[in-house]
Amino acid sequence: MQLRVSRRAWLSRFLFHPAGKIVLGALTFLMLLAAGAFTYTWIHFSRLIEEKLVEGPWEETAMLLAAPEEIKVGDPVQVEEIVSALRRRGYSQSPSNRLGWYRPRPEGDGVEIYPSRIAAPEIEGGIVYIKGGRVEKIHALSDHSERRSLLIEPELITNLFDRNRQKRRVVSFNDIPQVLIHAVLSAEDKRFFQHSGFDPIRIIRTAWVDVTQNRRYGASTISMQLARMIWLTPEKTPKRKAAEVLITLQIEQKLSKEQIFEYYANHVDLGQRQSFAIRGFGEAAQVYFGKDIRELNAPEAALLAGLIQRPNFLNPYRHPERARQRRDIVLNLMKENGYLTDLQYVEAISTPVKLASGGIESTDAPYFVDLVLDNLKRNDLESIDFQSKSYRVYTTLDLGLQRDAVEAVRIGMAEVDGLLAKKKNKYPQPQVALVAVDPHTAEVKALIGGRSYGQSQLNRALARRQPGSVFKPFVYAAVLGLALEGGQVVTPVTQVDDEPRVFEYDGREYAPNNFRQQFNGRVTLRQALAKSLNVPTVSFAEIAGYERVAELARRAGLSGVRGTPSAALGSYEATPLEVAGAYTIFSNAGVMVEPVMVREVRSAENSLIYKPKPVQRPVLDPRISYMVVSLMQDVINHGTAAGARSRGFLLPAAGKTGTSHDAWFAGFTSKLLCVVWVGFDDNQELPLEGGKAALPIWTEFMKRAHARRQYRSVTQFAEPDGITFVEICPLSRARATDKCHGQRTEVFLAGTEPGEMCPLHPGSSRTQIARWDDEPGPETAAAAGGGSGARPVQAGEPSRSRIARRAAAPVPQQPQTQQKEPARKGVFRSFWDFLRGKT
């Protein structure tokens with residue numbers, strides 16, 4: 001009792017002592033300072049959290065989107081196919097889904113589509129009715145009027161974080177299947193729905209394991225992990241840990257458990273696939289299993305939940321055995337927690353790991369993404385910070401074609417590897433580039449820049465290489481065009497010598513050789529291109545004028561070409577992307593269109609920020625363009641690219657092989673233009689010609705691409721006014737008679753066709769009556785590359801019938817080589833002469 005009184009007296013004297021007052025004041029100040037700092041920190045983090053909650057589960061960053069998909073009346077399609085396409089775009093059946101929603105019609109005859117609020121203006125809601133496996137009709141939701149077509153929102157390619165790409169597919173809590181929730185709880189935080197952000201039992205257990213077993217055992221709950229993911233850096237410091245605690249307390253107060261789990265499910269790091277980081281279970285389900293998240297089963301859910309611990313170390317594509325072992329651990333935890341029965345556990349653990357083939361690079365075009373980023377920086381958009389706001393970059397990419405391109409490259413390069421393995425010498429790994437564009441707009445639909453972006457980011461679609469014989473069509477276009485300028489008349493049946501020859505130019509000599517040093521004597525222009533003969537090609541370039549050939553190529557976009565004899569054989573370098581653009585002068589009736597990859601850029605408020613103007617210019621007369629296309633059809637039907645036909649691609653197509661140091665093939669249909677390059681990065685010579693290395697890849701891609709709904713309706717190449725079709729005797733190159741054998745239809749500029757009848761086979765004329773009012777009507781070819789009923793179209797064959805079509809303004813005549821056209825007869829006289837067998 002006396003001791004207690006003495007302590008009180010001492011404390012009283014101390015507090016009233018000047019020194020005691022100073023200490024008391026200091027302690028009070030420190031407490032107030034600490035309280036103020038805590039309050040400030042609390043309010044600071046509270047504001048950060050509130051800002052993030054307003055944004056939603058997506059970070060403010062630009063989205064790179066593919067081209068929209070069009071559905072037309074009459075398209076062959078099933079309801080399930082449309083639903084699958086909508087799910088890939090993040091749609092669900094929930095009207096609250098910010099990305100859009102859909103509703104299958106109860107009758108099973110269609111689907112209602114409700115786009116997102118941030119959809120581009122051309123995207124509208126609609127009802128697609130399906131009957132008999134085809135689109136019967138389309139009704140707009142806005143006014144219930146009928147539409148001939150409907151655009152579906154484009155798929156997300158990637159989110160842009162500087163050069164770091166992330167893939168996310170936002171999901172709501174209701175979209176997440178119970179089996180995945182149970183797997184995550186078992187792997188990360190089994191008492192998540194019971195605790196208030198911190199798990200005392202787990203903390204005590206972690207401390208015990210740390211002390212007794214000297215190893216780390218994680219104690220972070222899902223709420224604590226979410227705090228780190230969204231608001232904090234990954235550094236491990238006391239300051240960061242204290243902030244994590246404060247944020248965890250606040251999000252537990254502001255959000256329900258379901259909301260916390262939803263945020264977590266959309267932000268969790270689930271590894272890297274090639275050049276893209278995978279964020280969230282929605283995207284991971286698509287990348288690893290090719291499934292919608294709602295379709296996951298127990299083994300798949302356990303594998304995804306297991307990745308959270310060490311996503312790159314456990315990547316199932318790189319380390320399948322590690323991923324399987326971790327999956328089995330999670331499955332065992334699910335059984336211990338009562339989420340799986342013993343039988344379900346046994347079935348799940350015995351299930352092999354089955355991953356989606358191709359993976360993320362088959363759908364995300366990393367080389368294409370690089371080009372888009374560079375394109376945006378070059379087009380007055382450097383001031384825009386695409387990482388700070390939700391800009392939407394709409395591109396031209398067709399993800400379906402991109403998948404086809406990846407698969408075609410995989411199959412084709414395996415064939416190239418096999419051919420090289422049979423050679424005596426050892427070669428490095430060959431590389432590849434593929435560029436597919438719309439033949440009329442030059443929108444890039446698919447692009448491959450190498451065999452693996454993860455191994456090499458060098459984009460071979462931009463690598464400058466000698467195009468070789470792929471350049472030859474420009475030579476033939478230049479020489480055929482001479483007739484339009486009053487120069488020498490050269491037609492597809494004009495002959496030159498195919499024999500060793502030395503060409504002189506600028507005081508120097510140039511002596512080209514043919515492939516395998518084989519020569520054919522006198523050959524026609526058509527034969528020279530079909531067989532890719534070098535000496536005749538240089539001869540035709542000499543007739544046209546070397547500088548004229550070079551000027552035509554430069555206007556087509558091949559800027560490095562110079563007027564020399566070697567230019568005729570593709571000695572000046574160009575990139576596959578440039579070659580694709582240059583070939584549009586053939587696929588687009590003489591008009592060159594520069595390749596484009598970005599359609600438009602819109603802000604988060606949907607206002608238009610940027611829309612590029614198409615860069616196009618007339619380069620070639622449409623008649624000359626059509627004639628060269630006719631020549632290139634023979635390349636595929638009978639020439640160096642006939643392998644495309646033997647491989648089952650039978651649609652109307654034109655193209656040209658190329659062999660220099662590398663292997664090339666460039667070709668097109670009325671729906672797609674595709675260029676393929678195969679070679680070595682060190683520019684050493686590839687010991688394979690274009691027909692064996694590049695053509696198989698082109699063929700595989702085009703067969704797959706034209707089986708798709710948007711590219712099935714391939715037509716014949718449209719014939720312009722001003723050309724004539726005439727039956728020609730192959731021996732005399734004059735008009736064929738009924739006695740000629742092996743005659744063929746040849747195409748000419750109106751007024752340049754031969755007038756004399758075949759002197760070797762006298763007989764009746766095979767010329768058919770010409771109708772002056774005939775217009776071409778394109779035929780629709782078979783639906784797919786190898787479909788029944790499809791056949792290769794003979795070069796020069798018109799769309800409906802072999803009709804000689806005259807132009808209002810024929811080509812200037814040269815009397816020494818052209819006969820005067822007889823006076824036109826009356827209709828009745830012509831008909832009477834026809835009945836009598838006279839012409």
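The values are calculated or read from the model by the stated rules, or taken from the named source; none is laboratory data. Because the structure is predicted, anything quoted here is derived from the model rather than measured. Positions of Cβ are generated from backbone atoms using ideal geometry, with glycine treated the same way; all protein chains shown enter the neighbour counts. Heads up: the accessible areas ignore ligands, DNA and RNA and are worked out on the full protein's heavy atoms, side chains in. Shrake-Rupley method; radii C 1.70, N 1.55, O 1.52, S 1.80 Å.
Here are some notes:
- When residues in region 410-435 are screened for being out of contact with any Leu (no Cβ under 6 Å at 6 or more places or on another chain) and closer than 23 Å to residue 578 by Cα, 7 of them pass.
- Scanning region 599-633 for residues that are within 29 Å of residue 69 (Cα to Cα), open to solvent by less than 60 Å² (accessible area, probe 1.4 Å) and in contact (Cβ under 8 Å) with a residue 24 or more places away in the chain yields 600, 601, 602, 603, 604, 606, 610, 612.
- Taken over region 407-442, the criterion of being crowded, with 21+ Cβ neighbours inside 10 Å and either acidic (Asp, Glu) or part of a helix (DSSP H, G or I) (or both) is satisfied by 408, 409, 412, 416, 438.
- In the set (1) in contact with a strand residue (DSSP E or B) (Cβ under 8 Å, 6 or more places away or on another chain); (2) in a helix (DSSP H, G or I); (3) open to solvent by 30 Å² or more (accessible area, probe 1.4 Å), the condition left unmet by residue 504 is number (2).
- Only one entry of 694, 653, 705 meets the criterion of being in contact with an Asp or Glu (Cβ under 6 Å, 6 or more places away or on another chain) and buried (at least 24 other Cβ atoms within 10 Å of the Cβ), and that entry is 705.
- Of the set (1) touching an Asp or Glu at 6+ places or on another chain (Cβ under 9 Å); (2) not in a loop (DSSP other than H, G, I, E, B), all apply to residue 453 but (2).
- Selection status of residue 751, modelled with pLDDT under 90, open to solvent by 10 Å² or more (accessible area, probe 1.4 Å) and assigned to a loop (DSSP other than H, G, I, E, B): no
- Identity of the residue in region 103-121, of a type in the set (D, E, K, R) and more than 30 Å from residue 607 (Cα to Cα), that ends up most open to solvent (accessible area, probe 1.4 Å): 107
- All told, residue 563 falls short of being in contact (Cβ under 8 Å) with a residue 24 or more places away in the chain, assigned to a loop (DSSP other than H, G, I, E, B) and under 30 Å from residue 507 (Cα atoms).
- Being closer than 26 Å to residue 286 by Cα, open to solvent by 40 Å² or more (accessible area, probe 1.4 Å) and hydroxyl-bearing (Ser, Thr, Tyr) is a property that holds for residue 96.
- One residue from 515, 540 being open to solvent by 30 Å² or more (accessible area, probe 1.4 Å) and touching a residue at least 24 places away in the same chain (Cβ under 8 Å): 515
- For region 566-580, filtering for residues that are part of a helix (DSSP H, G or I), farther than 23 Å from residue 615 by Cα and in contact (Cβ under 8 Å) with a residue 60 or more places away in the chain leaves 3.
- Inter-residue pairs, beta-carbon under 6 Å, first outside any strand (DSSP E or B) and in region 141-162, second at pLDDT below 85 and open to solvent by 30 Å² or more (accessible area, probe 1.4 Å), 6+ apart: 155/88
- Applying a threshold of 7 Å to beta carbon distances and a minimum spacing of six or more residues, or different chains, the list of pairs starting in region 672-696 at a residue that is touching a residue at least 24 places away in the same chain (Cβ under 8 Å) and ending at one that is acidic (Asp, Glu) and crowded, with 24+ Cβ neighbours inside 10 Å reads 677/662; 678/662; 679/662; 686/662.
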